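Colleague: Following this message is one structure expressed as structure tokens.
The values are calculated or read from the model by the stated rules, or taken from the named source; none is laboratory data. No experiment lies behind these values; they were computed from the predicted model shown. Using ideal geometry, Cβ is built from the backbone for each residue, glycine included, and neighbour counts are taken over all protein chains shown. Ligands, DNA and RNA are excluded from the accessible area calculation, which covers all protein heavy atoms including side chains. Shrake-Rupley method; radii C 1.70, N 1.55, O 1.52, S 1.80 Å.
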Amino acid sequence: MIKKLRCCLPLKAAAFLLTVLLATASLGLAILYLRCHAAGYFDAAYEDSSAFADISADIAWDYLVRGVAREGTTVGVADPALPGALLYSDSAPAFYDAYWQETMALDQPARELGLTPGKDYRVTVYALDLDAPDSPYRGSYLLFQLRGGLLPAALSAALALLGLGYLLWAAGWRRGRETIYLNWQDRIPLDLYLAADAIAVWYLVYYGTRVTDFYNISSGSPLTWILPGLGAFFLAIALTLAALVTLAARRKAGRMWENTLCCRLFRSVRAFFRVLPFAWRTALGVAGYLAVNVFLLFLHPNITYFSYPFDFWIQVLPLAALVGFNLLVLAGCTFFSWQLQQLERTAKALAEGNLEAKADTRRLFFSLKRHGEHLNAIGDGMNRAVEQRMRSERLKTELITNVSHDIKTPLTSIISYVDLLKKEGLTGDAADYLNILDRQSQRLRKLTEDVVEASKASTGNLPVDLQPIQVREIVDQALGDYDQRLGDSGLQAVVGAPEEVLTALADGKLLWRVLDNLLSNVCKYAQPGSRVYIDLAAGEGRVSLAMKSISREMLNISAEELMERFVRADASRHTEGSGLGLNIAKSLMELMGGSLALSIDGDLFRVDLTLRGA
Amino acid sequence: MANILICDDERDIVSALTIYLSAEGYAVFTAYTGQEALELVQQQEIHLILMDIMMPQLDGIAATAKLRQSSNIPIILLTAKSESSDKVLGLNVGADDYITKPFDPVEVIARVRSQLRRYTTLGGMEQRPSRLTIGGVALDDEAKAVTVDGEPVSLTPMEYNILRLLMQHPGKVYSSAQIYELVWNEAALGSESAVAVHIRHLREKIEINPSEPRYLKVVWGLGYKMEAPGTTAR
């Protein structure tokens, strides 16, 4: 039902017509009422038709009409001696307000009118018969009888408003369509439509008010103003109503702004700007800025000359516009720089490794917004990559740990049974073979432990408890532990340390493992009978330890290669060890926030450890 | 001789350990799950248990916890896990010692012997004021004698003095310089490195595995301390 009501086209057309008619009628009645009322037209009550004039003056004389004139009363002056003959008549006073008492001046001297001064004349006030077919006031009078006060005007206005409500409510609906339908007039660009409409309405109203001017209403035939006047108002109201209806339909469709010439212009300018490279855009922007500035400067008539009278709009407005425009541009530039600063901050944070850093793109505009989005995308991508890498490293460590656990169980059996076999007292080659089995199973055991440790150390999967550690103490402790083995290898350790106590920030257990690996290497690879120098030093908030030894074999391998996993100085791999020692040591040092560096100079093998001082 | 229960799901390891411990003269009982071990303890008089941690049906940790509700027989855990957190968990649950796989059979026997001695002989040891004990290590200052798990150990005078100093204040960390000054009675002027060598020798004498000391612990970078096993959870 409701749907039908809002979709029925004939109903809408009728409502439109009716609304316009009602509005016009309301307007016409209101105008009529207000006009008549303001003029006091027709309101007087006619009571007396006679008045007396005292024509005693020689020259211009006054006559007095005492009483009430009404309905187009005319005044005439008659000689009592000559009844019926009007010496003078004047129709103008007829339209004065009720209960007047006025002195009227005859515009001619009494003598010229043939009146004798000093003589009594009778002044007669004549009432016009407005209803007479030949009366020029007949039209006005008829209308006056129609006026009826404000009530009919208000009533028809209310009905017109009702019609307006219906039309606005039903605007844009069409039978058989689920969404808002825009008809031909809704598709005219809005700004164009409104401008044309406004001009037409303005002209029509101007014309209508002129035609229905008081003087036109009050005199002459109603035909001279009723049809053109009301016609103009009718058209003006119809145009206004049509504009309101199309506005309603457009609003419902949400296309107020899209379908305007301004929007199209703005969009094409914007599209043009978007296609332009940023540098060109900037150039055009600056050029536009200068052009506007020049225009505003020329707009000002003459800054030094203040004309009188002082005209605010001409003198101050252009100046205010100039200052305001430049302040606006200044604010824009500041905002732009601020945005750049945000972007720079984000980029810096990203560069420093804070992958969580994000540019707040809601507060960025134009290219900067896109730039910010790209930065965020880079951060996200890097984050993902790092996360993936971390996960894969963790999985690797887990895999290595699990595999190593699984290897350990059979290895336990192998070691145990090899030991039992040795107790069987095998002789000859069998005993040699058993020794090889023993040695290799021990190597395998060390390897499984080292692999787990290397993987944990390199992925940082170890708990690190950093505490102030006395470097000299731990070096002594380590050398004490290695006293026997160093002696067996024919090596002598020489510690060089400054007087003061060197304290470094480290995890004692991890640092011991580093020293353990290094000293174990020294025992294996240093030239027997040589010395091992361990020098401690401090500086720039760091504590350093250098361990120098002479290699037994020629070192035809680079320091970088030595640091790789599973690489050992002797390519034949005859000696025990997994080749992971240095790699583990380096990882552990890095876990503690320190570093390990290798250098090889001829046969001199040097390891440099640095730790943060405490 | 003592009755030892070996519990591991790996039969080859159980039989190897059986051979070793039988050769030492122990009576060996075997179980392959934690549940079996619990049943055997009910039926037999067991003096020591060697238990694997990763086993089907009731693992070593759970079995140890259950056993500890009713008995205080020594339990040594065997496991392939070598993380310190696993060791702490085992010791907290009530195990007396911990051996990681792959193990040295000699070390297993030594630890078994140590635990048994403490369990059977040290229980009712009389306490004298001149006597200092930490775990299985006992120092008699009157006789100037040191025993580990009841076995006499011969120490040099310096080693003896260091051990006495450390045992007088269990858990206290002494730096090399402090030990030097207190034991040698002279200022340590760069000669404290000798202390580390003495400590190393001392560890070799009183510890089963000097690299994983139970009593004489190295606090790397700070010094040394004597401590009963399992008192510091780290």
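Colleague: Considering every residue in A:404-414, what mean count of other chain Cβ atoms within 10 Å of its Cβ is obtained?
Modeller: What the average comes to for A:404-414 is 6.
Colleague: Something else now. Sort A:373-379, B:45-51 by the packing proxy (mean of other Cβ within 10 Å over each peptide's residues), most packed first.
Modeller: Top of the packing list down: B:45-51, A:373-379.
Colleague: Oh, and also: May I ask you to give the solvent-accessible area per residue for the range A:436-579, in square angstrom, as obtained with a 1.4 angstrom probe?
Modeller: Normalised by residue count, the accessible surface of the range A:436-579 is 49 Å².
Colleague: Which whole-number percentage describes the relative contact order of the range A:420-535, with Cα contacts under 8 Å and a sequence gap of 6 or more?
Modeller: The value is 30 percent.
Colleague: Shifting gears a bit: List for the range A:434-472: residues with 40 Å² or greater reduction in accessible area, all protein chains versus chain alone, probe 1.4 Å?
Modeller: By number: A:ARG445.
Colleague: Tell me the per residue accessible area of chain B using a 1.4 Å probe; a whole number in Å² is fine.
Modeller: Normalised by residue count, the accessible surface of chain B is 43 Å².
Colleague: Count, for each residue of B:221-227, the Cβ atoms from other chains sitting within 10 Å of its Cβ, then give me the mean as a whole number.
Modeller: Counting Cβ atoms of other protein chains within 10 Å of each residue's Cβ and averaging gives 5.
Colleague: Right, here's the next one. Classify chain B as rounded, prolate or oblate from the Cα gyration tensor: take a ≥ b ≥ c as the square roots of its eigenvalues, call it rounded if a/c is under 1.5, otherwise prolate when a/b beats b/c and oblate if not.
Modeller: prolate
Colleague: So, with a 1.4 angstrom probe, what is the percent of accessible area on the range A:361-406 that is carbon and sulfur?
Modeller: Heavy-atom surface of the range A:361-406 belonging to carbon and sulfur, 1.4 Å probe: 58 percent.
Colleague: Run lengths n ≥ 4 of DSSP H only: what is the helix-derived mean residue ellipticity at 222 nm for chain B, with -39500 (n - 2.57) per run over all residues, to the nearest 500?
Modeller: -12000 deg cm²/dmol
Colleague: Hey, another quick one. If you roll a 1.4 angstrom probe over the protein chains with everything in place, what fraction of the accessible area of the range A:408-458 belongs to carbon and sulfur, to the nearest %?
Modeller: Looking at the range A:408-458 in its full context, I get 58 percent from C and S.
Colleague: Mind checking how much accessible area A and B bury in total, 1.4 Å probe, in Å² rounded to 100?
Modeller: Chains A and B together bury roughly 3000 Å² of accessible area.
Colleague: Going by a 1.4 Å probe on protein heavy atoms, which residues of the range B:8-54 end up with at least 20 Å² less accessible surface in the whole assembly than in their chain alone?
Modeller: Residues of the range B:8-54 that lose at least 20 Å² of accessible area once the other chains are added: B:GLU10, B:ASP12, B:ILE13, B:ALA16, B:ILE19, B:TYR20.
Colleague: Any idea what the relative contact order of the range A:462-612 is, in percent, if you count C-alpha pairs under 8 Å spaced at least 6 apart?
Modeller: That works out to 25 percent.
Colleague: Checking the a/c ratio against 1.5 first, then a/b against b/c, what shape does the Cα gyration tensor give for the range A:408-458?
Modeller: prolate
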